[in-house]
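Chemist: Here it is, the structure in full.
The values are calculated or read from the model by the stated rules, or taken from the named source; none is laboratory data. No experiment lies behind these values; they were computed from the predicted model shown. Glycine also receives a Cβ, built like all others from the backbone with ideal geometry; neighbour counts cover every protein chain displayed. Just so you know, the surface numbers come from the protein's heavy atoms only, side chains and all, with ligands and any DNA or RNA stripped out. Shrake-Rupley method; radii C 1.70, N 1.55, O 1.52, S 1.80 Å.
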Number of protein chains: 2
Amino acid sequence: MLSFSEENYLKTIYHIEQFQPDGVSTNAIAKKIQTKASSVTDMLKKLAAKQLIIYEKYQGVQLTKEGKKIALKVIRRHRLWEYFLVKKLNYRWDEVHEIAEQLEHIKSKTLIDNLEEFLRFPKFDPHGDPIPDKNGKMILTKTISLLELKVGQKGVLDSLKDSSDAFLKYLNKKNLALRDRIKVIDIEPYDNSVHIETKTHQLLISKKVAENLNIKV
Amino acid sequence: MLSFSEENYLKTIYHIEQFQPDGVSTNAIAKKIQTKASSVTDMLKKLAAKQLIIYEKYQGVQLTKEGKKIALKVIRRHRLWEYFLVKKLNYRWDEVHEIAEQLEHIKSKTLIDNLEEFLRFPKFDPHGDPIPDKNGKMILTKTISLLELKVGQKGVLDSLKDSSDAFLKYLNKKNLALRDRIKVIDIEPYDNSVHIETKTHQLLISKKVAENLNIKV
DNA sequence: ATATATTTTTAGATAAGACTAAAAAAATAT
DNA sequence: ATATTTTTTTAGTCTTATCTAAAAATATAT
């Protein structure tokens, strides 16, 4: 049985791997997990000894099949609990991360499957991210970042590249929500900002924000 | 903020204090928490330094006001989560303890109050134990053990002195549930066993079992 | 009252996971 | 190609919560 900390590392490596498929660096993990590189190295050795990652000094790491399986279990738990918190306990999408970070490590053979059934098998969490099923399978939606849309093109806000509370609060303030239909009115070539229109209002979106919005066209 | 382990000690001391109001012994704690007396001593020093217990070498401990407050918070969380597991996730009363032991240590300012509201402010957990409210107040029901009833006397099974999974499974097997009306048919003076009758069947209850059944007369 | 048994504490060790500081390796720049 | 910077690892330390073994205090029994 893995520790809280080991599970966290596996989950984190999985997430970074989505963007860095051929080797996740020690520093990248340290940054995401808010710890020191030396602590990461220690843990990588431990996970490698358990055959959950492939680790060669200075080379970055990759999850093994087993490591990936465990990472997906943790992600499944995290996303189901987030769904529970929002749908049943009336939390906002920007309030659930910290609590789900703890709940995702509760150990039980049956708990998460029972929770999933209670929630009636949701397929996406409150941030639009897909929830892996019992076998680790999830619905992968093809999206592009808002930055890639042309003037006049339309799409739907599907999910986020950055789900930090800070970004979620920004979207709250700007009245942008998942499933909103978006049309690009204009693109400013100088700073890559995007002028968009939703059903209810118009908005100016900076490059930084635009690249964190995943659009289904 | 207290650790998982510190919270567990406070909760355990609170429970033992119900039966040993003037000083909880190191060994009693060690037994309940499944650890060694020396480990308990270490922790007692720590809790005393934090002013959560009154501890004098060799004298046993007592919770301070603050220690009791925290213990009741942990018990509140435990019982609300047990209620959730049974009422929402369809667990049986003998399956929830281990999971609630973990859930009770989730840290959040708002989680447990939101859960309580979602569950519509239950006053008793699945084992008949009262759930402390936000302020630590709970409904204390006057009960006596089945052993104290006279022949011919009636009462209702209200709660249990022992809520171990083993005892709960025993009650399942014997078809005894909370709220069952019970009448004492006969008492065997030789071994203090009790012959009882419920709405549906008659049963012979050993002394050991009888003293763990709390009856509201 | 004294011997014996039990309980509790102390001392020292261990494991997990983090840290700092310094060394080693790899990447980048001139 | 060499110097510089950045990244990663190593070595050693710290904290938390355990443990064992031995010592000290308390309780029990004769």
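Chemist: Can you work out the FRET efficiency for the pair A:LYS107 and A:SER39, with r the C-beta to C-beta distance and R0 = 22 Å, to the nearest 0.05?
Modeler: E between A:LYS107 and A:SER39, to the nearest 0.05, is 0.40.
Chemist: Continuing with the same structure: Measure up B:LYS11/B:LYS36; B:LYS137/B:LYS161; B:LYS65/B:LYS169; B:LYS87/B:LYS134; A:LYS107/B:LYS11; A:LYS169/A:LYS199 against 27 Å on the Cα-Cα distance and list the ones that go over.
Modeler: Beyond 27 Å: B:LYS65/B:LYS169.
Chemist: Could you tell me the accessible area of B:SER5 in Å² (1.4 Å probe, neighbours in place), rounded to the nearest ten?
Modeler: 50
Chemist: Give me the inter-chain shielding for A:85-93: mean count of other chain Cβ atoms within 10 Å, whole number please.
Modeler: Rounded to a whole number, the mean comes out at 3.
Chemist: Given Cα pairs under 8 Å that are at least 6 residues apart, what percent is the relative contact order of chain A?
Modeler: 15
Chemist: Excluding ligands and nucleic acids, what accessible area in Å² is computed for A:TYR170 using a 1.4 Å probe, to the nearest 10?
Modeler: 60
Chemist: Would you tell me the mean number of C-beta atoms belonging to other protein chains that fall within 10 Å of each C-beta in B:103-116, as a whole number?
Modeler: 4
Chemist: Separate question: Restricting to DSSP H runs of at least four residues, report the calculated mean residue ellipticity at 222 nm for chain A, -39500 (n - 2.57) per run over all residues, nearest 500 deg cm²/dmol.
Modeler: -12000 deg cm²/dmol
Chemist: In whole Å, largest first, what are the principal axis extents of the Cα atoms in the stretch A:1-44?
Modeler: So the three principal-axis extents are 26, 22, 15 Å.
Chemist: Between the helical axis of A:37-49 and the dominant principal axis of chain A, each derived from Cα atoms, what acute angle in degrees is found, rounded to the nearest 10?
Modeler: 60
Chemist: For labels at B:GLU98 and B:LYS183 in the simple 7 Å Cα→Cβ model, what's the distance in nm?
Modeler: 4.1
Chemist: Counting Lys and Arg as +1 and Asp and Glu as -1, what is the net charge of the other residues whose Cβ lies under 15 Å from the Cβ of A:ARG92?
Modeler: Charge balance in the 15 Å sphere: 0.
Chemist: Please work out how much length the chain gains when fully extended from B:LYS46 to B:LYS123, using 0.36 nm per residue of separation minus the C-alpha to C-alpha distance, in nm with one decimal.
Modeler: Full extension from B:LYS46 to B:LYS123 adds 24.4 nm.
Chemist: Next question, about the same structure. For the residue pair B:GLN18 and B:ILE144, what label-to-label distance in nm results when each label sits 7 Å from Cα along the Cα-to-beta-carbon direction?
Modeler: 2.0
Chemist: According to the square roots a ≥ b ≥ c of the eigenvalues of the Cα gyration tensor, what is the shape class of the protein assembly as shown, taking rounded for a/c under 1.5, prolate for a/b larger than b/c otherwise, and oblate for the remainder?
Modeler: prolate
Chemist: Here is a follow-up. What ³J(HN,Hα) values, in whole Hz, does the Karplus curve 6.51 cos²θ - 1.76 cosθ + 1.60 give for the stretch B:174-183 when θ = phi - 60°, with x put for Gly and Pro?
Modeler: Calculated HN-Hα couplings, in order: 8, 6, 10, 10, 4, 6, 5, 7, 10, 10 Hz.
Chemist: Which FRET efficiency value, to the nearest 0.05, is calculated for B:GLN202 and B:LYS69 with the Förster distance at 45 angstrom and r the Cβ-Cβ distance?
Modeler: 0.50
Chemist: If you take the beta carbon distance between B:ALA166 and A:LYS154 as r and set R0 to 56 Å, what does 1/(1 + (r/R0)^6) give as a FRET efficiency, to the nearest 0.05?
Modeler: Calculated value: 0.35.
Chemist: Just grab the label-to-label distance for A:ASN27 and B:LYS57, each label 7 Å out from Cα along the Cβ direction, in nm (one decimal).
Modeler: So the two model labels end up 5.4 nm from each other.
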